[in-house]
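In what follows, a single structure is set out as structure tokens and then discussed.
The values are calculated or read from the model by the stated rules, or taken from the named source; none is laboratory data. This structure is a prediction, so every number in the text was calculated from the model and none was measured. Cβ placement follows ideal geometry from the backbone for every residue including glycine, while neighbour counts extend to all protein chains displayed. Just so you know, the surface numbers come from the protein's heavy atoms only, side chains and all, with ligands and any DNA or RNA stripped out. Shrake-Rupley method; radii C 1.70, N 1.55, O 1.52, S 1.80 Å.
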Amino acid sequence: MSRSGGRVGFGYDLHRTRVDRPLVLGGVPIPSSVGLQGHSDADVVLHAICDAMLGAAGMGDIGELFPDTDPQYKDADSRGLFRDVRSRVEAAGWRVENVDVVIHAERPRLTPHKPAIRESLMELLDLPLDCVSVKATTNEGLDAIGRGEAMACSAVALLVPA
Ligand code: MG
């Protein structure tokens, strides 16, 4: 198959907040009064980027690859899933050129944590600073995210032929 250009993929994930769970975003533990509920560590950032990479490669989604009924993914560190997805995409002949991420969360305020999340993603993707963008926004108090009942993440990833 000839590939002359890149392919863009989009990913989105949302998890409910819970008081008795840690908050992990982009592989970084974030001090917070609430964490996220989920079968794995519920890292919405890594899950959204995984789906963006898989989407760009036309390889399905993480729900298909890592079913939440599978006990081996219970409380799993999503960095393991992320590395697995990255190697599947690379095995298909792609490399990630850049990612751009928006985290949707009312609290905690994420501005002070964005550099650490960015650093973590740079390491997970072997990408330089200008190829990894991490943004955060609140929902202005509206809907479940605005009420602090959930956090979400949207991500795009560009794949280019390796
Ligand atoms: Mg998820």
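Okay, helix-only estimate at 222 nm for the chain: each DSSP H run of n ≥ 4 adds -39500 (n - 2.57), divide by all residues, round to 500 deg cm²/dmol; what do you get?
-8500 deg cm²/dmol
Each peptide in 43-54, 67-78 receives the mean, over its residues, of other Cβ atoms within 10 Å, and ordering these scores from highest gives 43-54, 67-78. Around the amide H of Val134, modelled in the peptide plane, lie the amide H atoms of Val101, all under 5 Å away and 5 or more residues distant in sequence or on another chain. Heavy-atom accessible surface of Arg3, to the nearest 10 Å², is about 70 Å², with a 1.4 Å probe and all protein chains retained. Backbone phi angles across segment 9-20, fed through the Karplus curve with coefficients 6.51, -1.76 and 1.60 (θ = phi - 60°), yield HN-Hα couplings of x, 10, x, 9, 8, 9, 10, 6, 7, 8, 5, 9 Hz in residue order; Gly and Pro are listed as x. In this structure the amide hydrogen of Gly148, modeled in the peptide plane, comes within under 5 Å of the amide hydrogens of Glu106, none closer than 5 places in sequence on its chain.
Inter-label distance, Thr111 to Arg18: 3.1 nm, where each label sits 7 Å from its Cα along the C-beta direction.
Near the amide H of Arg95, within less than 5 Å, lie the amide hydrogens of Val160, Ala162, all on another chain or at least 5 residues away, with H placed in the peptide plane. Taking the centroid of alpha carbons for each part, segment 1-31 and segment 73-141 are 6 Å apart. Based on Cα contacts under 8 Å between residues 6+ apart, the chain shows a relative contact order of 34 percent. Hydrodynamic estimate: the Kirkwood radius of the chain over Cα pairs, inserted into Stokes-Einstein at 37 °C and 0.692 mPa s, corresponds to D of 208 µm²/s.
Each Lys and Arg Cβ is given +1 and each Asp and Glu Cβ -1; about its Cα centre, segment 1-136 then shows a dipole of about 280 debye.
Electrostatic tally near Gly60: other residues with Cβ closer than 14 Å to its Cβ, Lys and Arg +1, Asp and Glu -1, net -3.
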